[in-house]
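Peer 1: The structure follows.
The values are calculated or read from the model by the stated rules, or taken from the named source; none is laboratory data. Being a predicted model, the structure only gives us computed values, none of them experimental. For neighbour counting, all protein chains shown are included, and Cβ atoms are generated from backbone atoms with ideal geometry for every residue, glycine included.
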Amino acid sequence: MVEINQNAEPTNQHAIELFQRFIGKKLPKDYAKFLLDYNGGSPVPDAFEFEDGSGGSSVRYFHGLRKNADDDDLLRNIDVYKDRMPTDFLPIASDFGGNKIVMAVSGQYYGRVFFWDHENEVDEGSVAGMQNMSLIAKNFSSFLSGLHV
C-alpha cells in the first residue's frame, strides 16, 4: 500500500475543472481523483520500473495544483517543459535526478504513464518526440499500485 506524504493545501473539483479548461485536455479519472485526495506529495514506497524491464527510478514528489510557482506546481511544470516534451503529455511528478514522470492527457497514449529522461531530450529548437521516454504503466492507478521499495 502506497502512502502519500502531503505537503500542500488540498484542491477541489472546481480547481481541477479550471485546470482542465486551461490545458484544453481532460485528465484521466484516476489521476483527477488523486489530485482531489492528495494534491501531490511524496509517495512511500517510491520506486518503479519501466514496463520493458530496461530500468527504473523513484518518485521524489508528485506535482499538484498550488497557489504558488514552486517546482511541484503543475502549471509551472507545464510552462517549463512545454517545448521539451510532446504536447500530449503532462509532467505529473519528478524523480531525484531531475527527470519527469509524465502522463498522456490526449492522443494515442491517453492515460499511460511514462518516464521522461532529461539527459536524452531533443536539442533546443527541435520538435520533441518519444525518443527519451519509457513506458512505466498503462494508467495512473497501475503506476501507483506498482510503486515499491
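Peer 1: Just to be sure, is ASN77 of a type in the set (S, T, N, Q) and surrounded by 19 or more Cβ atoms within 10 Å (Cβ to Cβ)?
Peer 2: Details: of a type in the set (S, T, N, Q): yes; surrounded by 19 or more Cβ atoms within 10 Å (Cβ to Cβ): yes.
For ASN77, the condition - of a type in the set (S, T, N, Q) and surrounded by 19 or more Cβ atoms within 10 Å (Cβ to Cβ) - is met.
Peer 1: Here's a follow-up. Checking the conditions here, which among GLY55, GLY40 is under 21 Å from LEU18 (Cα atoms) and touching a strand residue (DSSP E or B) at 6+ places or on another chain (Cβ under 9 Å)?
Peer 2: GLY40
Peer 1: Looking at LEU75, is it within 15 Å of the chain's Cα centre (by Cα) and either more than 23 Å from SER106 (Cβ to Cβ) or without any contact (Cβ under 8 Å) to a residue 60 or more places away in the chain (or both)?
Peer 2: On the way: within 15 Å of the chain's Cα centre (by Cα): yes; either more than 23 Å from SER106 (Cβ to Cβ) or without any contact (Cβ under 8 Å) to a residue 60 or more places away in the chain (or both): yes.
Considered against the rule, which asks whether it is within 15 Å of the chain's Cα centre (by Cα) and either more than 23 Å from SER106 (Cβ to Cβ) or without any contact (Cβ under 8 Å) to a residue 60 or more places away in the chain (or both), LEU75 comes out as yes.
Peer 1: Would you pick out the residues in the range 100-119 that are loosely packed, with under 11 Cβ neighbours inside 10 Å and assigned to a helix (DSSP H, G or I)? Write out each step before concluding.
Peer 2: We begin by selecting, within the range 100-119, every residue loosely packed, with under 11 Cβ neighbours inside 10 Å; these are 108, 119.
Result: GLU119, single match.
Peer 1: Check whether at least one residue in the range 81-99 is assigned to a helix (DSSP H, G or I), buried (at least 16 other Cβ atoms within 10 Å of the Cβ), modelled with pLDDT of 95 or more and hydrophobic (A, V, I, L, M, F, W, C), and report yes or no.
Peer 2: no
Peer 1: Still on this structure, I have one more. Mind listing just one residue for me: the one in the range 62-76 that is under 14 Å from PRO10 (Cβ atoms) and basic (Lys, Arg) and, of those, modelled with the lowest pLDDT?
Peer 2: Checking each candidate, the answer is LYS67.
Quick grid of which residues meet (1) closer than 24 Å to ASP95 by Cβ; (2) part of a helix (DSSP H, G or I):
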position: MET1; (1), (2): yes, no
position: ILE4; (1), (2): yes, no
position: THR11; (1), (2): yes, no
position: LYS26; (1), (2): no, no
position: TYR31; (1), (2): yes, yes
position: LEU35; (1), (2): yes, yes
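Peer 1: Between a residue in the range 1-13 that is of a type in the set (Ser, Thr, Tyr) and any residue that is not in a helix (DSSP H, G or I), which pairs come within a Cβ distance under 8 Å, given they are 6 or more apart or on different chains?
Peer 2: Here the result reads THR11/ASN39; THR11/GLY64; THR11/LEU65, each pair linking the range 1-13 to a residue that is not in a helix (DSSP H, G or I).
Peer 1: Output the residue which, of all residues in the range 57-71 that are in a strand (DSSP E or B) and in contact (Cβ under 8 Å) with a residue 40 or more places away in the chain, is farthest from the chain's Cα centre (by Cα). Working first, answer last.
Peer 2: So the first thing to find is which residues in the range 57-71 are in a strand (DSSP E or B), and the list is 57-62, 64.
Subset that is in contact (Cβ under 8 Å) with a residue 40 or more places away in the chain: 57, 59, 61-62, 64.
Numbers: SER57: 14, VAL59: 10, TYR61: 10, PHE62: 7, GLY64: 10 Å.
Ranking the qualifying residues of the range 57-71, first place goes to SER57.
Peer 1: Tell me yes or no: at least one residue of the range 61-81 is of a type in the set (A, V, I, L, M, F, W, C) and in contact with a strand residue (DSSP E or B) (Cβ under 6 Å, 6 or more places away or on another chain). Break it down stepwise before answering.
Peer 2: Taking the range 61-81 and keeping what is of a type in the set (A, V, I, L, M, F, W, C), we get 62, 65, 69, 74-75, 78, 80.
The next check asks that each one be in contact with a strand residue (DSSP E or B) (Cβ under 6 Å, 6 or more places away or on another chain); those that pass are 62.
Yes, there is a match, as at least one residue in the range 61-81 is of a type in the set (A, V, I, L, M, F, W, C) and in contact with a strand residue (DSSP E or B) (Cβ under 6 Å, 6 or more places away or on another chain).
Peer 1: Could you say whether any residue in the range 14-31 is touching a residue at least 12 places away in the same chain (Cβ under 8 Å), surrounded by 15 or more Cβ atoms within 10 Å (Cβ to Cβ) and either of a type in the set (S, T, N, Q) or in contact with a Lys or Arg (Cβ under 6 Å, 6 or more places away or on another chain) (or both)?
Peer 2: no
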